[in-house]
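Worksheet for the structure shown next.
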Amino acid sequence: MAFIKSDEKYDVRVFRTFLEAQKVFENTLEDESARLDALNYILGHQEISYVLDMLLDMYGSNNSKDHYLIDHSFANFGKKPKREDDYNILFKLLKSNNAYLRNKAITFLQDYGEDAKSFIKKLLTNSDNDIKIFAVNILGDVKYEDSRDILIELIQNEQDVNVLMTAIDYLGEIGEPKDISILEEIKNNFSSEPYVCFGIDVAIDKIRG
């Protein structure tokens with residue numbers, strides 16, 4: 001369904017080519033309705049990866065207020081992301097400087113549940129700790145059938161405190177009593193880190209109910 005900002009009537013812009021539509025969309029001086037018409041044309045003629053790459057080029061390094069166009073793009077993809085190109089560009093969005101764009105990418109992945117799980121697991125092996133935290137947040141929120149197992153494996157091997165504590169916090173929500181011994185072992189390993197010890201105690205209390 002098209003997103004229209006008001007009830008004002010206007011003539012729908014007709015485009016002869018994709019490049020013509022993209023030129024209108026990228027022109028921030030154009031009327032909002034014309035840019036929306038251009039975006040709808042692009043969404044109907046291009047793959048998800050192309051549209052995401054276009055959004056990244058326009059908004060990735062700035063905090064533009066074109067939120068309605070970003071929202072409209074993510075709400076109107078006709079297919080789920082399945083190709084490697086789709087996930088490669090989503091990864092780039094997760095690393096962009098635009099917080100709004102990053103959050104839309106996270107929500108987009110959350111909405112596709114099991115279909116995105118292999119990509120989320122891949123993110124958990126990334127060298128960028130911020131990316132790993134994004135992945136843990138998605139994993140905890142979506143709650144895959146094996147989210148608990150994935151979190152435990154991460155907790156047993158993770159050395160970065162921030163990533164570790166994000167995972168422990170989620171394990172506190174979905175963990176089982178048998179996980180307490182694992183958490184206590186981690187607590188012993190990080191006995192010199194009060195922040196870790198406190199977070200583990202909180203998680204254990206949640207699991208015990």
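The values are calculated or read from the model by the stated rules, or taken from the named source; none is laboratory data. Note that this is a predicted model, so its numbers are computed, not measured. Quick reminder, even Gly has a Cβ in these numbers, built from the backbone with ideal geometry, and neighbours come from all protein chains shown.
Evaluating ASN97 against the criteria (1) modelled with pLDDT of 90 or more; (2) outside any loop (DSSP other than H, G, I, E, B); (3) not hydroxyl-bearing (Ser, Thr, Tyr) leaves one unmet condition, (2). Filtering segment 6-20 for residues that are under 23 Å from TYR100 (Cβ atoms) and at pLDDT below 90 leaves a non-empty set.
Right, ASP85: surrounded by 15 or more Cβ atoms within 10 Å (Cβ to Cβ) and either acidic (Asp, Glu) or closer than 29 Å to ASN40 by Cα (or both) or not?
Judged against the criteria, ASP85 is a match.
Within segment 31-49, the set of residues being in a helix (DSSP H, G or I) and surrounded by fewer than 16 Cβ atoms within 10 Å (Cβ to Cβ) comprises GLU32, GLY44, HIS45. Scan segment 50-62 for residues that are of a type in the set (Asp, Glu) and surrounded by fewer than 18 Cβ atoms within 10 Å (Cβ to Cβ) and the total you get is 1.
For the residues TYR195, TYR144, the requirement of being part of a helix (DSSP H, G or I) and at pLDDT below 95 singles out TYR195.
Every test in (1) in a loop (DSSP other than H, G, I, E, B); (2) surrounded by fewer than 19 Cβ atoms within 10 Å (Cβ to Cβ) is passed by GLU173 save one, and that test is (1).
Pairs are defined by a Cβ separation below 8 Å, a sequence spacing of at least 6 or placement on different chains, a first member in segment 129-143 that is under 15 Å from ASP111 (Cβ atoms), and a second member that is at pLDDT below 80 and not hydrophobic (A, V, I, L, M, F, W, C); the pairs so defined are VAL142/GLY113. Restricting attention to segment 112-151 and to residues that are surrounded by fewer than 17 Cβ atoms within 10 Å (Cβ to Cβ) and of a type in the set (Gly, Ala, Ser), the residue that is farthest from the chain's Cα centre (by Cα) turns out to be SER127.
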